[in-house]
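Asker: Sending over a structure as structure tokens; questions will come in a sec.
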Amino acid sequence: MSPYRGRFAPSPTGPLHFGSLVAAMASYLDAKAHHGSWLVRIEDVDFDRNIAGADHAILQSLQRCGMHWDEEVAWQSQRTALYQTALDQLGDHVFACSCSRKEIADSRLRAGLSDSQIYPGTCRTGIVNNKAARAYRLRVPDGVAACITFEDRLLGIQTQDLSSAVGDFVLKRADGFWAYQLAVVVDDAAQGITDVVRGADLLDSSARQIYLLALLGYPTPRYLHVPVVTNQAGEKLSKQTGALAFDRGDNDLLQEALIPAAQFLGLSFSTMPRSLPEFWSGATDLWASKLAIR
């Protein structure tokens, strides 16, 4: 096997909250338990949502927690030429689409289909009525070829039918921004990522990414999806649901953030650590034991 290479890839839409810390910690611990490399990549291609200075605040919080990356930080905004090359490489698997979200929903409603978000294939054979292209989509297969199966290291065997569950999905958006699915696949391949450890809210994206990896001739990493932190209303903890920064600049991160995050991941210390080095040493051992990493 190739030497382990993992990553944490936050979006700079605000400071890290507790849910982000859990995802960062899981990826960091997995890399350290495998004696591998841990990279940080800033996923900033959704320019409308970026907040000035959030990327550097994220990096400072990681360092204050004692999480240090092993190579230079990468910014997706500096890698857009790679995404265009990949789009070109996909050739006939990609088609231009003129449909708005409302048109997609209306088309499915008229056809009596339940999920209004799944693309109905309107522009698969070409844009009609001289309408302008809004986005570029990947043509997903039908039948057996649409069923993607993989083993999640924590959740076990996962299967998704791309045709019925997702449909032809966007690679380049109507606003000209690169879609997450393409950017993350290209970056993981370019950085030699062997293991993707992230929140279970992204589990649904894995089949699309595995299919894209195969089309582009890239190796498929191993996947591990950890539970998502939720608020009292049962919603995923996020900036959109009012999640607050775990790092206020002067608070005790060990007691207030790191130990609770480790406990959320199911790690139980027999003796509570009193310093960052003690915490990371103990947490890495506990993670290795939990995941049977040797």
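The values are calculated or read from the model by the stated rules, or taken from the named source; none is laboratory data. Every value quoted in this text rests on a predicted model; they were computed, and no experiment measured them. Please note: Cβ atoms are built from the backbone with ideal geometry, for glycine as well, and neighbour counts cover all protein chains shown.
Asker: Can you find a residue in the stretch 90-101 that is modelled with pLDDT of 95 or more, of a type in the set (A, V, I, L, M, F, W, C) and buried (at least 22 other Cβ atoms within 10 Å of the Cβ)?
Answerer: no
Asker: Still on this model: All but one of (1) at pLDDT 85 or above; (2) part of a loop (DSSP other than H, G, I, E, B) hold for G234; which doesn't?
Answerer: (1)
Asker: Do you know which residues across the stretch 1-24 are under 13 Å from the mean Cα position of the chain (by Cα) and part of a loop (DSSP other than H, G, I, E, B)? Full working, then the answer.
Answerer: Taking the stretch 1-24 as the starting set, the residues that turn out to be under 13 Å from the mean Cα position of the chain (by Cα) are 6-11, 20, 23-24.
A9, P10, S11 - these are the residues of the stretch 1-24 that are under 13 Å from the mean Cα position of the chain (by Cα) and part of a loop (DSSP other than H, G, I, E, B).
Asker: Moving on to the next point. Just name the residue that is farthest from I157 (Cα to Cα) out of those in the stretch 199-231 that are assigned to a loop (DSSP other than H, G, I, E, B) and touching a Lys or Arg at 6+ places or on another chain (Cβ under 9 Å).
Answerer: In the first step, residues of the stretch 199-231 are kept if they are assigned to a loop (DSSP other than H, G, I, E, B); the result is 217-221, 227-229, 231.
In the following step, the residues that additionally are touching a Lys or Arg at 6+ places or on another chain (Cβ under 9 Å) were identified as 221, 228-229.
Working: P221: 15, V228: 19, V229: 22 Å.
For the stretch 199-231, the residue satisfying everything is V229.
Asker: Kindly provide the set of residues from the stretch 237-261 that are within 26 Å of V184 (Cα to Cα) and part of a helix (DSSP H, G or I), ordered by number.
Answerer: K239, Q240, T241, A261
Asker: Could you tell me which residue of the stretch 199-237 is surrounded by the most Cβ atoms within 10 Å (Cβ to Cβ), considering only residues that are more than 15 Å from A261 (Cα to Cα) and polar (S, T, N, Q)?
Answerer: Filtering first and then ranking leaves Q209.
Asker: Tell me yes or no: at least one residue of the stretch 25-33 is in a helix (DSSP H, G or I), closer than 23 Å to R248 by Cβ and among the charged types (D, E, K, R).
Answerer: no
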